[in-house]
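The values are calculated or read from the model by the stated rules, or taken from the named source; none is laboratory data. This one's a predicted model, so the numbers in the text were calculated from it and none came from an experiment. Cβ coordinates were reconstructed from backbone atoms using ideal geometry, including for glycine residues, and neighbour counts include every protein chain displayed. Each accessible area value is taken on the protein alone, full model and side chains, heavy atoms only, with ligands, DNA and RNA left out. Shrake-Rupley method; radii C 1.70, N 1.55, O 1.52, S 1.80 Å.
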Amino acid sequence: MSVLTIRVFGDPVLRQSARTVTDFDGHLAQLAEAMHTTMRAAEGVGLAANQVGVLKRLFTFAAPDDDGTLRHGSVVNPVVLSRSTEQQDGEEGCLSLPQLYYPVLRPQQVAVEYQTLDGQSDTVELSGFLARVWLHEMDHLDGVLFIDHLAKHDRQAALKVLRERALAADEDPTKAVSLLPPMM
Ligand code: ZN
């Protein structure tokens, strides 16, 4: 199974809304499997389809729950049913914004309705880090990045780093990793 190219900040696909999945076929399962492979290779805890250049409402995850048990799977067409007013603060990073980590405030708990790869509907209640991962990935499906949630000071610092990287890539095209076509 091939590893897909992860799109990085500056690629317009990261700012687009993904479309509802209607075909629960072999192509969807293959995409999810390739995304799991890509996520593992990048040592990520979650990966949204936008991040590999595909505008489908699908993400994969592999992250510990509150008991430390690793949970993993593929989530299709997720919809948030409710969020707790209680919040959690924690460092967040993103495979599309390499080496940037900032604290992001998220709901402590979230209830989500979603579909499985074969189209079955299910609901789940998540808390802690797992809730954070799912919310981060659901944001991707709406073209939202974690830096959009930052306090003004952190957001300005993050954008400065990203601008400097873009300038460095202009001067040395070998550093321009953001515009590589996907390997599929
Ligand atoms: Zn991300």
Problem - Which numbered condition LEU70 misses (of (1) within 23 Å of LEU4 (Cβ to Cβ); (2) surrounded by fewer than 16 Cβ atoms within 10 Å (Cβ to Cβ); (3) within 14 Å of the chain's Cα centre (by Cα)) - result: (3)
Practice task
Select, from VAL21, VAL8, VAL3, the only residue that is of a type in the set (A, V, I, L, M, F, W, C), in a loop (DSSP other than H, G, I, E, B) and within 23 Å of GLY119 (Cα to Cα).
Solution key: VAL21
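One line per residue, one yes/no per condition, for (1) away from the ligand (no atom under 13 Å from the Cβ); (2) within 13 Å of the chain's Cα centre (by Cα); (3) of a type outside the set (Phe, Trp, Tyr); (4) within 22 Å of GLY143 (Cα to Cα):
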{"site": "ARG7", "(1), (2), (3), (4)": "no, yes, yes, yes"}
{"site": "GLY26", "(1), (2), (3), (4)": "yes, no, yes, no"}
{"site": "ARG40", "(1), (2), (3), (4)": "yes, no, yes, no"}
{"site": "VAL80", "(1), (2), (3), (4)": "yes, no, yes, yes"}
{"site": "CYS94", "(1), (2), (3), (4)": "no, yes, yes, yes"}
{"site": "LEU97", "(1), (2), (3), (4)": "no, yes, yes, yes"}
Completion exercise
Within region 94-117, the count of residues that are open to solvent by less than 30 Å² (accessible area, probe 1.4 Å), out of contact with any His (no Cβ under 9 Å at 6 or more places or on another chain) and closer than 19 Å to GLN156 by Cβ comes to 2
Exercise for the section: Kindly provide the set of residues from region 118-131 that are surrounded by 20 or more Cβ atoms within 10 Å (Cβ to Cβ) and out of contact with any Pro (no Cβ under 9 Å at 6 or more places or on another chain), ordered by number. Expected result: LEU126
Handout entry: Members of region 132-162 that are over 13 Å from PHE59 (Cα atoms), within 15 Å of the ligand (Cβ to nearest atom) and open to solvent by 70 Å² or more (accessible area, probe 1.4 Å)
Key = HIS149
Problem - GLN51 being within 16 Å of the ligand (Cβ to nearest atom), on the phi > 0 side of the Ramachandran plot and touching a helix residue (DSSP H, G or I) at 6+ places or on another chain (Cβ under 9 Å) - result: no
Handout entry: Members of region 1-35 that are of a type in the set (A, V, I, L, M) and more than 30 Å from ASP170 (Cα to Cα)
Key = MET1, VAL21, LEU28, ALA29, LEU31, ALA32, ALA34
